[in-house]
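Written below as structure tokens is the structure these notes are about.
The values are calculated or read from the model by the stated rules, or taken from the named source; none is laboratory data. Treat the numbers as computed from the prediction; the structure is a model and nothing was measured. Quick reminder, even Gly has a Cβ in these numbers, built from the backbone with ideal geometry, and neighbours come from all protein chains shown. With ligands, DNA and RNA removed, areas are computed over all heavy atoms of the protein, side chains included. Shrake-Rupley method; radii C 1.70, N 1.55, O 1.52, S 1.80 Å.
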Amino acid sequence: PPSDEAEGAGGERISLWLTRIIRAVIFALAFFTPLLWLGVTQDILFLKVVAVEAGAVLAAAAWLLKALATKRLEYVRSPLNAAFLALAIVLVLATIFSANPWASFWGPDPTGEKTASLLAFIIISFVSAAVLGRRDAARIAALLLVSFTLLGGFALLSIIVARSGGALPQWLNVNPIGTVNALAWVLAIGFIMSLGLALTRAGRPALGRWIGWLAILALAMLFA
């Protein structure tokens, strides 16, 4: 029979691969969610909602398997996680005792505010805090900045073409966020994030000095 040391080494190898899966899922969501678009869906946000919820399920499954492999459940004790856990309990109870539990959980439409989407974000936050480290936080910040920069560049190009009096080509006449107001909100959030990372000095040693330059690039694009 295998020794305890061999079993422990095997569990650590499995844990390492599961951690990599969790990182890959969260990194992909950070970069691709603002940019995801599929022309065949009736609502542009549908693909984003499905991606976030599927990512949350995959990240949670990998986290639980990691706990089984290492026989150790890792999580962060913090007021924020406690608040998220309380919110999740309230959401589940409200869904169970609502007049229409199924509609409350999935929402009256595919992309509306619903328990499933809120739980997905809570799960992603909880698993991220438990598994990811400081370098991972820097990478997620960088991926978000690059995604916001690409989205801002896409919007700026659309405005330039439209202002010049030319007709927008079919490939450009697309808003990956949905409505113009929704796009403005997302770009504004990206601008605030970029401004904070560009101005703060306390966070740069933790995230890396290059984050400041990337934030300045994103800030210039989003300001334009």
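Residues being under 22 Å from Ala24 (Cβ atoms) and not polar (S, T, N, Q) are represented in the stretch 76-91 by at least one member. The C-beta contact set for the stretch 10-38 (first residue of a type in the set (Lys, Arg), second residue at pLDDT below 90 and surrounded by 13 or more Cβ atoms within 10 Å (Cβ to Cβ), distance under 6 angstrom, 6+ apart or interchain) is empty. The number of residues in the stretch 48-78 that are in contact (Cβ under 8 Å) with a residue 40 or more places away in the chain, assigned to a loop (DSSP other than H, G, I, E, B) and either open to solvent by 90 Å² or more (accessible area, probe 1.4 Å) or not charged (D, E, K, R) (or both) comes to 4. Exactly one residue out of Ser158, Ser194 is open to solvent by less than 40 Å² (accessible area, probe 1.4 Å), modelled with pLDDT under 85, of a type in the set (Ser, Thr, Tyr) and out of contact with any Lys or Arg (no Cβ under 6 Å at 6 or more places or on another chain), and it is Ser158. Considering each residue of the stretch 79-87 in turn, none proves to be of a type in the set (A, V, I, L, M) and either open to solvent by less than 30 Å² (accessible area, probe 1.4 Å) or in contact with a Leu (Cβ under 7 Å, 6 or more places away or on another chain) (or both). Answer with yes or no whether Phe121 is open to solvent by 50 Å² or more (accessible area, probe 1.4 Å), in contact (Cβ under 8 Å) with a residue 60 or more places away in the chain and closer than 30 Å to Ile21 by Cβ. Yes; evaluated as a whole, the condition is true for this residue.
Cβ-Cβ under 6 Å, sequence separation 6+ or interchain: first residue in the stretch 187-215 and closer than 28 Å to Ala155 by Cα, partner part of a helix (DSSP H, G or I) and at pLDDT below 70. Which pairs? Note: pairs meeting the criteria are Gly212/Arg204.
What about Ala141, is it within 22 Å of Ile192 (Cβ to Cβ) and within 13 Å of the chain's Cα centre (by Cα)? Talk me through it step by step, then tell me what you get.
Numbers: within 22 Å of Ile192 (Cβ to Cβ): yes; within 13 Å of the chain's Cα centre (by Cα): yes.
So Ala141 passes the test.
Within the set Leu36, Leu29, the sole residue that is outside any helix (DSSP H, G or I), within 20 Å of Ala141 (Cβ to Cβ) and not basic (Lys, Arg) turns out to be Leu36. Looking only at the stretch 88-117, residues that are in a loop (DSSP other than H, G, I, E, B) and loosely packed, with under 13 Cβ neighbours inside 10 Å come to 5 in all.
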